[in-house]
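A short write-up of the structure that comes next.
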Amino acid sequence: MLDKLAAIKLRWEELEGKLSDPELVKDMKVFTKTSKEYKDLGVIVDAYHKYRDVISNIEFNKQLLKEEKDEEMREMAKMELDDLKTSQEKMEDEIKQLLIPKDPEDEKDVILEIRAGTGGDEAAIFVGDLYRMYLKYCESHGFKTELLGMNESSAGGYKEISMSITGTDVYGTLKYESGVHRVQRVPVTESQGRVHTSASSVAVLPEADDVDVNINPADLRIDTYRASGAGGQHVNKTESAVRITHIPTGVVAECQDGRSQLKNRETAMKMLRTKIYEIELAKHQAAIANRRKTLVSTGDRSAKIRTYNYPQGRVTDHRIGLTLYNLDNIMNGDIQHILDELRLAENAEKLKEGGLA
């Protein structure tokens with residue numbers, strides 16, 4: 001471990017030298033990237049210095065025990081050695097966590113999409129339940145949300161809902177939610193009290209910056225149309241809704257929630273960039289998944305990840321075998337414990353992959 005940490009310190013010192021070069025500031029993109037890496041490695045370097053001091057003190061006390069004849073001094077050295085070894089184990093665990101490679105996507109904001117799957121009206125109602133769950137979670141954690149679009153169903157639910165979420169490390173927090181969420185309960189339309197199983201899919205997409213995706217305007221087909229749904233006379237008389245199709249990939253993004261066609265066009269372009277970016281990201285994630293026995297966040301939308309069982313008040317995350325009996329709290333946005341356990345499971349997998357476990 002000391003060799004790895006020493007190499008990181010050399011890289012940190014190299015970055016420190018680069019940051020002192022006035023030429024670097026001329027390219028703000030490179031300067032920002034270098035500054036961030038320097039800051040991130042600085043945390044590890046600080047831990048390395050403390051760890052190195054502990055190792056040095058351990059060696060000193062071991063040598064003292066070999067050479068010291070005075071029993072009182074030997075006893076003091078033994079006690080200190082025990083404390084130092086405890087500190088060493090604790091620091092090694094902390095450093096292992098710091099050495100886990102960070103996903104560069106984790107810092108990104110996200111576009112979250114929820115769509116009704118099997119189950120008809122009940123699946124559409126569950127889309128609304130999941131939407132409210134994520135809204136409450138975001139509210140309690142200081143994330144800002146903006147509704148991008150919704151398609152209501154006849155039974156009071158939603159065929160699909162999309163929203164943007166902004167804040168600190170939003171994708172790193174919510175990326176584990178991508179997949180199929182299954183609900184087991186008695187639908188309001190069920191007259192005989194039978195439990196039905198329905199499903200809705202959740203996609204958490206890291207929002208693409210302009211620099212992430214290069215889209216040729218000539219590859220776009222932009223259509224405008226009259227918005228549908230609630231909104232009064234304005235949406236019925238004005239072609240404010242926008243649909244953008246990326247011809248090479250067939251990816252489509254549309255927005256009709258804003259009153260302004262320009263606003264809807266900007267939102268649709270943001271969604272389009274994110275969807276195209278996700279295609280490339282999914283390839284990257286699949287390549288990683290092929291190298292691991294298990295992976296929590298594969299980005300596979302077709303994978304059944306969680307079941308919400310209302311009769312038993314139970315929520316089970318199938319990826320890590322976690323079962324909780326606090327369904328009401330979870331549907332009210334209390335999903336942090338689940339997210340923490342998923343992150344721990346993936347970090348454990350990364351530690352094995354990096355030979356640190």
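The values are calculated or read from the model by the stated rules, or taken from the named source; none is laboratory data. A quick note: this is a predicted structure, and the numbers were derived from the prediction, not measured. Glycine also receives a Cβ, built like all others from the backbone with ideal geometry; neighbour counts cover every protein chain displayed.
Values as computed for the structure displayed
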| quantity | calculated |
| --- | --- |
| The range 12-32 residues that are in contact (Cβ under 8 Å) with a residue 60 or more places away in the chain, paired with ones that are in a loop (DSSP other than H, G, I, E, B) (beta carbon under 9 Å, 6 or more apart) | Lys29/Val211 |
| Residue within the range 10-23 that is surrounded by 11 or more Cβ atoms within 10 Å (Cβ to Cβ), under 26 Å from Ala348 (Cβ atoms), modelled with pLDDT of 90 or more and within 31 Å of the chain's Cα centre (by Cα) present | yes |
| Test: residue in the range 101-115 that is acidic (Asp, Glu), in contact with a Ser or Thr (Cβ under 6 Å, 6 or more places away or on another chain) and not in a loop (DSSP other than H, G, I, E, B) | yes |
| Within the range 1-50, tally of residues that are closer than 19 Å to Asp93 by Cβ and outside any helix (DSSP H, G or I) | 1 |
| So Ala203, is it in contact with a helix residue (DSSP H, G or I) (Cβ under 6 Å, 6 or more places away or on another chain) and either at pLDDT below 90 or not assigned by TED's automatic domain parsing to the domain that holds Pro311 (or both) | no |
| Residue list for the range 133-147, restricted to those being aliphatic (A, V, I, L, M) and modelled with pLDDT of 95 or more | Met133, Leu135 |
| Evaluation of Arg194 against (1) outside any strand (DSSP E or B); (2) at pLDDT 75 or above; (3) outside the structural domain of Arg319 (by TED's automatic domain parsing) (one fails), failing number | (3) |
| Considering residues of the range 56-71 that are in contact (Cβ under 8 Å) with a residue 12 or more places away in the chain and surrounded by fewer than 16 Cβ atoms within 10 Å (Cβ to Cβ) only, the residue nearest to Asp83 (Cα to Cα) | Lys62 |
| Residues located in the range 209-252, provided they are of a type outside the set (Val, Ile, Thr), at pLDDT 65 or above and assigned to a loop (DSSP other than H, G, I, E, B) | Asp209, Asn214, Asn216, Arg226, Ala227, Ser228, Glu239, Ser240, Pro248, Gly250 |
| Qualifying positions in the range 47-80 - more than 47 Å from the chain's Cα centre (by Cα) and among the acidic types (Asp, Glu) | Glu67, Glu68, Asp70, Glu71, Glu72, Glu75 |
| Matching residues in the range 135-179 - criterion: being touching a residue at least 40 places away in the same chain (Cβ under 8 Å), part of a strand (DSSP E or B), touching a Gly at 6+ places or on another chain (Cβ under 7 Å) and surrounded by fewer than 20 Cβ atoms within 10 Å (Cβ to Cβ) | Glu152 |
| Residue satisfying all of: in the range 257-268; in contact (Cβ under 8 Å) with a residue 24 or more places away in the chain and within 14 Å of Met163 (Cβ to Cβ); surrounded by the most Cβ atoms within 10 Å (Cβ to Cβ) among these | Thr267 |
| Which listed residue is at pLDDT 65 or above, of a type in the set (Lys, Arg) and in the same structural domain as Val110 (by TED's automatic domain parsing), from Lys293, Lys304 | Lys304 |
| Flag if Arg314 is touching a helix residue (DSSP H, G or I) at 6+ places or on another chain (Cβ under 8 Å), modelled with pLDDT of 75 or more and under 17 Å from Val204 (Cβ atoms) | no |
